[in-house]
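Participant: I have a structure here, written as structure tokens, and I will follow up with some questions on it.
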Amino acid sequence: MEFNNCSLIILAGGKSSRMGRNKAHLRWKAKCFLDIIIEKGKSLGFGEIILSGYRGKVSDCFSVEDELKERGPLGGLHACFKAASFEDCFVITVDSPLVSPDTMKKLLNEHTKGGNEVTLLKHEEKTEPLIGIYKREFYRKIYPVIKKGSAPVFRALDRAEVTILEIEGIEKEILNINTKDAYEEFLKENENNRAV
């Protein structure tokens, strides 16, 4: 499978309450996080780019609102999978701008080889439920989990056949920037590095 047969879903609809401002608009090297990930998606040739919960307009992308409100990331995944044009959906959070094209390619290769519903990244014994590839039909398994309220992503994943790709040494790539302190630390550590 190639990226052009895959949807890229960027989870960009969170409340950013711990950050105090929209994480999609955080800036690094004169670009916002959302633009960094979109540019990466375009360079890899994804068949389409879907923005989950993003209220702005971005050319060559389309935004999808949650059907079931206040359901957290699973609500975003549920709506975006239903809207996706492709069978396979690559999911990434907007606060992970450093995930490299190389890591994304490895994940896609593992997903193609593994043949399961879901393929997720793992590093240092931690599995990342929001950086991975899902079959679009997985929305059918999400719905029963969130129809009455929000739930952790792993509760839906308990219903899935999951392939895990473990990659060592990618901790800085996978960093989720959720707080003001984490953002300041990120800027300090990466001030001399180019955007990937």
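Participant: Calculate, in nm to one decimal, what Arg155 and Glu70 gain on full extension: separation in residues at 0.36 nm each, minus their alpha carbon distance.
Facilitator: Taking 0.36 nm per residue and subtracting the Cα distance, the gain is 29.0 nm.
Participant: Would you mind giving the average projected area, over all directions, of the Cα convex hull of region 74-156 in nm² with one decimal?
Facilitator: On the way: hull surface 23.4 nm².
Over every viewing direction, the Cα hull of region 74-156 projects on average to 5.9 nm².
Participant: Compute the length gained on full extension between Ser85 and Lys180: take 0.36 nm times their separation in residues and subtract their Cα-Cα distance, giving the result in nm to one decimal.
Facilitator: Additional length available on full extension: 30.6 nm.
Participant: So how strong a dipole does the chain carry about its Cα centre when Lys and Arg Cβ are +1 and Asp and Glu Cβ are -1, to the nearest 20 debye? All intermediate terms of the calculation are to be shown ahead of the outcome.
Facilitator: On the way: 31 positive and 30 negative charges, 151 e Å.
So the dipole magnitude of the chain works out to roughly 720 debye.
Participant: Could you order the peptides 133-141, 97-105 from most to least packed, using the average number of other C-beta atoms within 10 Å per residue?
Facilitator: The peptides rank, most packed first, as 133-141, 97-105.
Participant: Under 12 Å Cα to Cα from Lys141, which aspartates and glutamates show up? Leave out anything in the same chain fewer than 8 places away.
Facilitator: Cross-link targets: Glu117, Asp158, Glu161.
Participant: Another one. Using the alpha carbon gyration tensor of region 3-190, what are the three equivalent-ellipsoid semi-axes (square root of 5 times each eigenvalue), largest first, in whole Å?
Facilitator: That gives 23, 19, 17 Å for the three semi-axes.
Participant: Report, largest value first, the span of the C-alpha coordinates of region 100-196 along each principal axis, in whole Å.
Facilitator: Here the Cα extents, ordered largest to smallest, are 45, 34, 22 Å.
Participant: Need the full-extension length gain, His25 to Glu2, defined as separation in residues times 0.36 nm minus the C-alpha distance. One decimal, nm. Spell out each step's value before the answer.
Facilitator: Values: separation 23, 0.36 × 23 = 8.28 nm, distance 2.92 nm.
Roughly 5.4 nm would be gained on extension.
Participant: So for each of 120-130, 73-83, 28-38 I average, over its residues, the number of other beta carbons within 10 Å; can you give me the resulting order with the highest mean first?
Facilitator: 73-83, 28-38, 120-130
None of the figures in this text is laboratory data; all of them are computed from the coordinates on show. Keep in mind it's a predicted model, so treat the numbers as computed, not measured. All Cβ positions, even for glycine, are placed from backbone atoms using ideal geometry, and neighbour counts span all protein chains on display.
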